[in-house]
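Asker: Below are the structure tokens for one structure; questions will follow.
The values are calculated or read from the model by the stated rules, or taken from the named source; none is laboratory data. These numbers come from a predicted model, not from an experiment. Positions of Cβ are backbone-derived with ideal geometry, glycine not excepted, and every protein chain shown enters the neighbour counts.
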Amino acid sequence: MKLNITCIPGDGIGPEIVTEAKKVLDKVASEFGHSIEYKDILMGGCSIDVHGVPLTDEAIEDAKAADAVLMGSIGGNTSTSPWYKLEPSLRPEAGLLKLRKSLNLFANLRPAYLYPQLKDACPLKEAVADKGFDMLIMRELTGGLYFGERWTKEENGEQVATDTLVYKESEIRRIAIRAFDVARKRRKSVISVDKANVLDSSRLWRKVVEEVKKDYPDVTLEHMLVDNCAMQLVKEPTQFDVVLTENMFGDILSDEASMITGSIGMLPSASLNDTSFGLYEPSHGSAPDIAGKDIANPIATVLSAAMMLRYSFNLDKEADAIENAVRKVLEDGYRTTDLMPKGGEDNFKLVGCRMMGDLL
Ligand code: ATP
Ligand code: MG
């Protein structure tokens, strides 16, 4: 099979982790007899430095022309300004929001899985005990607060700012269907998270999710308020299978869930639309504090590449091979800095980003 992949190395640690993910993809492709054609495009701070904007129309076309996009991470500063001094539409993140919207990537899958070998790195290891932690957050990605109308103005001598949270029935229905479909392949439980005791958009969310549930008698549905969910994740993390939620709640809860897996450097993600196209990226950011030091953990990006093989190319065996390689490396005791338990140097082998990629 020929795989046409556009890469967005991005900013900070992005280029380092994408290089390692490509290495792993190339290895699997040669083992299974596939060929990969890569094209790199600029997005984020690096694009602002070269083109003055976080994402050019040409880059969007290149992304659209591929079968799938593999991204590192974008964010941080440009070479001339800190990000917060830039116009909102010219900030590095604006490129990513634009790309998600123009490719209609409404379904963001964020699996949070605690590898048994990393149990000591899990801050909730007593709560997880021997039950294991394996949940998937299905986050709506092109609606809600991040895409609603917003403004800042002067009123009665002070600044007033507004963001709007909007959801249409059709937007809720399509993401709910994705959540129930994926639950069917897992432990058949959906917990839908909202704030229906306060927000109208959440009340509509609940109603539409209930309607979708009628087509899935084999899957259980529970509703949970977002504040309770944040608490339950810490109290009893093993109760969750698929969590279905809107854009901002999913953003926050997935960072919380990531810590239970030992490190944010372990979490992949897939952003999908109605076709087989997808954008795959680690859940973490560009980590400017560790960029260029060869200490970033590339596993989240490598696992995102595995999700790409699974969801965009239907290459399940190849994806399994990558996930098994990750398991093996952890089993063999290799750890990047973020995964190294305090005082664990005697029991584990510390490796850098490049070395981790070589071992996979
Ligand atoms: P951004 O603005 O791009 O989101 P950030 O610094 O706000 O960047 P992250 O990039 O997610 O947020 O980083 C949060 C913390 O996690 C940082 O201390 C960073 O070094 C660490 N971190 C993130 N990704 C990794 C990784 N792959 N390996 C090791 N540490 C990481
Ligand atoms: Mg961040």
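Asker: Working only within the range 181-200, note down all residues that are out of contact with any helix residue (DSSP H, G or I) (no Cβ under 6 Å at 6 or more places or on another chain) and either crowded, with 21+ Cβ neighbours inside 10 Å or aromatic (Phe, Trp, Tyr) (or both).
Answerer: Answer for the range 181-200, where residues must be out of contact with any helix residue (DSSP H, G or I) (no Cβ under 6 Å at 6 or more places or on another chain) and either crowded, with 21+ Cβ neighbours inside 10 Å or aromatic (Phe, Trp, Tyr) (or both): 183, 191.
Asker: Look through 219, 226, 329, 302 and report the one residue that is of a type in the set (A, V, I, L, M, F, W, C) and in contact (Cβ under 8 Å) with a residue 60 or more places away in the chain.
Answerer: On the way: 219 fails: in contact (Cβ under 8 Å) with a residue 60 or more places away in the chain; 226 fails: in contact (Cβ under 8 Å) with a residue 60 or more places away in the chain; 329 fails: in contact (Cβ under 8 Å) with a residue 60 or more places away in the chain.
It is 302.
Asker: Go over the candidates 288, 298 one by one and state the one that is within 21 Å of the chain's Cα centre (by Cα), over 24 Å from residue 188 (Cα atoms) and modelled with pLDDT under 95.
Answerer: Going through 288, 298 in turn, just one is within 21 Å of the chain's Cα centre (by Cα), over 24 Å from residue 188 (Cα atoms) and modelled with pLDDT under 95: 288.
Asker: Condition first: modelled with pLDDT under 90, surrounded by fewer than 23 Cβ atoms within 10 Å (Cβ to Cβ) and away from ligand 2 (no atom under 13 Å from the Cβ). Now tell me which residues in the range 252-268 satisfy that. Let's see the steps before the verdict.
Answerer: We begin by selecting, within the range 252-268, every residue modelled with pLDDT under 90; these are 255, 258-259, 262-264.
Narrowing the set further to residues that are surrounded by fewer than 23 Cβ atoms within 10 Å (Cβ to Cβ) leaves 255, 258-259, 263-264.
If the condition is that a residue be modelled with pLDDT under 90, surrounded by fewer than 23 Cβ atoms within 10 Å (Cβ to Cβ) and away from ligand 2 (no atom under 13 Å from the Cβ), then 259, 263 are the ones that fit.
Asker: Now a separate question. Tally the residues that are under 21 Å from residue 258 (Cα atoms), of a type in the set (Asp, Glu) and more than 13 Å from ligand 1 (Cβ to nearest atom), restricting the search to the range 323-360.
Answerer: Going through the range 323-360 one residue at a time, the tally reaches 2.
Asker: Mind checking which residues of the range 230-251 are surrounded by fewer than 22 Cβ atoms within 10 Å (Cβ to Cβ) and among the hydrophobic types (A, V, I, L, M, F, W, C)?
Answerer: 230, 231, 234, 248
Asker: Please find, within the range 47-80, the residue that is farthest from residue 283 (Cα to Cα) out of those that are within 16 Å of ligand 1 (Cβ to nearest atom) and in a helix (DSSP H, G or I).
Answerer: Once the filter is applied, the top-ranked residue is 49.
Asker: Okay, next question. Being over 17 Å from residue 4 (Cβ atoms) and either touching a strand residue (DSSP E or B) at 6+ places or on another chain (Cβ under 9 Å) or assigned to a strand (DSSP E or B) (or both) is the filter here, so list the residues in the range 28-46 that pass it.
Answerer: Scanning the range 28-46 gives 42, 43, 44, 45, 46.
Asker: Tell me, please, whether a residue that is crowded, with 21+ Cβ neighbours inside 10 Å and within 16 Å of ligand 2 (Cβ to nearest atom) can be found in the range 269-279.
Answerer: Yes.
Asker: What residue, among those in the range 294-318 that are part of a helix (DSSP H, G or I) and within 16 Å of ligand 2 (Cβ to nearest atom), is surrounded by the most Cβ atoms within 10 Å (Cβ to Cβ)? Give the steps one after another, and end with the answer.
Answerer: Looking only at the range 294-318, we keep the residues that are part of a helix (DSSP H, G or I), and these are 299-311, 316-318.
Still in the running and within 16 Å of ligand 2 (Cβ to nearest atom): 300-301.
Working: 300: 24, 301: 32.
Within the range 294-318, the match that is surrounded by the most Cβ atoms within 10 Å (Cβ to Cβ) is 301.
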